[in-house]
1. When averaged across all projection directions, what area in nm² does the alpha-carbon convex hull of region 74-135 cover?
2. Region 62-101: Rg/Rh from Cα coordinates, Kirkwood Rh?
3. When the distances between all Cα atoms of region 120-192 are binned every 5 Å from zero, what whole-number percent does each bin get?
4. Take every Cα pair under 8 Å in region 171-266 that's 6+ residues apart, average their separations, divide by the length, and report that relative contact order as a whole percent.
5. Quote the relative contact order of region 40-175 in percent (integer), defining contacts as alpha-carbon pairs under 8 Å separated by 6+ residues.
6. When the helix-only estimate is applied to the chain (DSSP H runs of n ≥ 4, each -39,500 (n - 2.57), divided by the residue count), what is the mean residue ellipticity at 222 nm, nearest 500 deg cm²/dmol?
7. Considering only DSSP beta bridges whose two residues both sit in the chain, what percent are antiparallel, to the nearest 5?
8. Could you tell me the largest-minus-smallest coordinate of the C-alpha atoms of region 170-244 on each of the three principal axes, in descending order and whole angstroms?
Ligand code: ATP
Ligand code: MG
């Protein structure tokens, strides 16, 4: 059966298409754009990510598995972990992000830059359908501001990111990552581009596609949840962000080198 079998002119994607999965997610994002969950610039951001995914062979690479473990360890030790949810995250991984928050006892805060009327409601609806019981950032209480930033990226929920010690930002802009760090938050980023400002500035960067990463983090979190806190602290202390980013770049260099030497392995 082919995916996206709609009668709106969108071409069907045959399952044997070499890029079937990627096209499926692309169409999902476009559909969610018409529902106001995703913005046009969210589509561009996804495209930028996809380009970097080619450089990883569209797979989770070993240094990123390590970064995921460290991220889960940080989140398990956090006093108040919060996940910052934007339109692309809600469109691509609604069930697994809700599940991860549940396993790690983290809050979900909808935090979006483009605040078109109806957008927060559309994202809320997706998260609720995915099982979210508590969602912050809905404007039901007056929002508050992070310091050192004037754009509306400063606006946060006082019960959420504002009072969080660890913030998970799957897909974030560099400006905002910098501001979260200046506001004394530990920032865990998921970003396919190891060279983005977000990837470079975060305390932990997982260089992976959120589509693969979040379900993997759920499994890791379930496995690590019952570890003694001393063991979890060792994982945190052994993680070196600079080395991790260097390992990701080295992986990409070796991957490309191998492609040049063995073009048939593509
Ligand atoms: P920065 O502002 O951090 O320098 P940027 O300006 O290059 O980054 P933005 O558009 O601000 O990019 O943010 C989008 C980021 O999200 C990009 O770095 C892109 O690689 C990443 N990205 C997009 N889709 C995915 C995805 N599915 N999984 C992981 N990362 C993704
Ligand atoms: Mg940016």
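Computed from the coordinates by the stated procedures, all read-outs in this text should not be read as laboratory data. Quick caveat: nothing in here was measured; it's all calculated off a predicted structure. Neighbour counts run over all protein chains shown; Cβ positions are idealised from the backbone, glycine included.
1. On the way: hull surface 16.5 nm².
Mean shadow area of the hull around the Cα atoms is 4.1 nm².
2. Details: Rg = 11.6 Å, Rh = 11.4 Å.
When Rh is taken as the Kirkwood radius, the ratio is 1.01.
3. Reading upward from the zero bin: 3, 15, 22, 25, 21, 11, 2, 0.
4. Details: 81 pairs, mean separation 18.9, N = 96.
The normalised contact order for region 171-266 reaches 20 percent.
5. Working: 149 pairs, mean separation 39.2, N = 136.
After rounding, I find 29 percent.
6. Details: 11 runs with 135 residues, N = 266.
Theoretical 222 nm ellipticity from helices: -16000 deg cm²/dmol.
7. On the way: 3 of 20 bridges.
Here the antiparallel bridges make up roughly 15 percent for the chain.
8. Extents along the principal axes, in whole Å: 36, 27, 22.
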